[in-house]
1. Determine the dipole magnitude for the chain: charges of +1 sit on the beta-carbon of Lys and Arg, -1 on that of Asp and Glu, nothing else is charged, the reference point is the Cα centre, and the result goes in debye to the nearest 20.
2. If you build a Gaussian network model of the chain, linking Cα atoms that sit under 10 Å apart, which residue out of Lys64, Lys86, Lys43 swings the most?
3. Checking the cross-link filter: which lysines have an alpha carbon closer than 30 Å to that of Lys75, excluding same-chain neighbours under 8 positions apart?
4. Quick one: among Ala91, Ala60, Ala24, which has the greatest mean-square fluctuation in a GNM of the chain with alpha-carbon springs under 10 angstrom?
5. Please calculate the 1.4 Å probe accessible area of Ser114, with all protein chains present, and give it to the nearest 10 Å².
6. Cut-off 10 angstrom, C-alpha nodes, Gaussian network model of the chain. Which of Val78, Val98, Val48 fluctuates the most?
7. Considering only protein heavy atoms and a 1.4 Å probe, what is the carbon-and-sulfur percentage of the accessible area of the chain?
8. Just the number please: accessible area per residue for the chain, 1.4 Å probe, all protein chains included, in Å².
Amino acid sequence: QVQLVESGGGLVQPGGSLRLSCAASGSIFSRYAMNWYRQAPGKQRELVAAITSGDDTNYADSVKGRFTISRDNTKNTVYLQMNSLKPEDTAIYYCNAVRGILSSWGQGTQVTVSS
């Protein structure tokens, strides 16, 4: 299985940008579909963005046009570029790797959007 470590979270003002990174180790990263989830206080974890091993992408309606998921298989890293951030984007963001029945999660990184 793959081990995941997220980074790049923090405090940003509304309208600002952040880029999250998720570094993977321990397996063949390029064969995994990679996802970013988020969980806000008192809410269920939700899928934000996904990228397949073939680089097909998908986004939650709430982030379309603002967030971009990408991957660099040479660096075993997946990114989430977040622009035009809103207070409702505040959550813990988790990286997830999936291959068949295998699924791995990172520890999460906090994103807070506030003035």
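1. Details: 11 positive and 8 negative charges, 16 e Å.
I would put it at about 80 debye.
2. Highest fluctuation among the options: Lys43.
3. Result set, ordered by chain and number: Lys64, Lys86.
4. The residue with the greatest mean-square fluctuation here is Ala60.
5. About 60 Å², ignoring ligands and nucleic acids.
6. Val98
7. Numbers: 2790 of 5960 Å².
Exposed carbon and sulfur together represent 47 percent of the surface.
8. Values: 5960 Å² over 115 residues.
With the other protein chains kept in place, the chain gives 52 Å² per residue.
The values are calculated or read from the model by the stated rules, or taken from the named source; none is laboratory data. Please read these numbers as outputs of a predicted model, since none were measured by experiment. No Cβ is skipped: glycine too gets one built from the backbone with ideal geometry, and neighbour counts run over all protein chains shown. Ligands, DNA and RNA are excluded from the accessible area calculation, which covers all protein heavy atoms including side chains. Shrake-Rupley method; radii C 1.70, N 1.55, O 1.52, S 1.80 Å.
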